[in-house]
Every structure is written in structure tokens, then in C-alpha cells.
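Just so it is clear, none of the values below were taken in a lab; they were calculated from the coordinates. As the structure is a computational prediction, the values presented were derived from the model and not from experiment. Glycine gets a Cβ as well: all are built from the backbone with ideal geometry, and neighbour counts include every protein chain shown.
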Amino acid sequence: MSGTLNKVMLIGHLGDDVKTTYFDGGGCIGRFPLATNETYTNRQTGERVSNTEWHNVVVRNKAAEICEKYLSKGDKVYVEGRLKTRQWQGEDGVTRYTTEVQVTDFTFLSNKGDGQTENVGSQQNSQTTQKVESQTPSNPEEEGDDLPF
């Protein structure tokens, strides 16, 4: 196979509120930790074992503003994106590395009381979609007709 793929999909809970940094040019970056859990039973002891993995998640621009507004610590979210490793020099002169999930798409999975779900993708950064409840006809005689036209 000649091509490569860098894609990650996670469903987890926010470990903290979204921290957003705004820049002079009008852009912004939001960062938050995401916890994913794995639970299994140890075959030898019969004990339930639970492991938590922490991921550094980064969202940009309009998606960051939406996450900051609607997400809070403990909320469940689906994120999709790619892995990116970056490096920097620490104050002590040591080179440090971190791997982050650069988000291209996400969906809020926690209910906020009104049944809304937000979905923001790379091509629809400024658009949100909401669940729409089906409307019942106002005239009871129209209910028997199942035709859509």
C-alpha cells in the first residue's frame, strides 16, 4: 500500500473545562484532556480491572469557540482527527514532546437537558445541527394519510 493514514476516533469524558487561547489575527485554539476507559476481567484472579487513558485534544477557531461554550468537565464527546507530535524547549533547557489529537470533527454526546446534539466538522465549522422532533398534523383527519406529499 503506497498511501498512509493518520486518523483517530475517540469517545470519552472531558477531564477539565476547555481552555481557549485567542490570537491577534482572530483565530483561537481550544485544548482539553479527554479520558477513555477500558474495563476487563482478569482471568487469573476474576477481578475487574479498569484502565484510563488520557488524550490531549486540540480544536481550532469556530470549533474551539463552540466547544468552550457548550462543553464542560465530565461531558461525553466523540472526537475525530489526526495525531500530531510537537516539541519545545522547557525552562530547564530540556526538549519536551507531546502528542495531541488535532480535531477535524466532533459530536457532543452528553444531554444538556434540552435534547440538543451539536455536530461540527471540518467543512461545517460554523454550522450546528440539532435533533428535530417530528411535527404532528394539526388536523386529525390528515393523520390517516401516510403519503409525504
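Okay, here's what the table says:
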item: Count - residues of the range 1-15 that are of a type outside the set (A, V, I, L, M) and either part of a strand (DSSP E or B) or under 10 Å from LEU34 (Cβ atoms) (or both); result: 3
item: Pick from the range 21-42, criterion hydrophobic (A, V, I, L, M, F, W, C) and free of Cβ contacts under 8 Å to residues at least 24 places away in the same chain, ranking: surrounded by the fewest Cβ atoms within 10 Å (Cβ to Cβ); result: PHE23
item: Filter pass, VAL49 being hydrophobic (A, V, I, L, M, F, W, C) and under 13 Å from the mean Cα position of the chain (by Cα); result: no
item: Top-ranked residue of the range 42-63 - restricted to ones that are touching a Phe, Trp or Tyr at 6+ places or on another chain (Cβ under 9 Å) and not β-branched (Val, Ile, Thr), ranked as nearest to ASN6 (Cα to Cα); result: ASN56
item: Leading residue by the ranking (nearest to the chain's Cα centre (by Cα)) among those in the range 52-99 that are among the aliphatic types (A, V, I, L, M) and surrounded by fewer than 14 Cβ atoms within 10 Å (Cβ to Cβ); result: LEU83
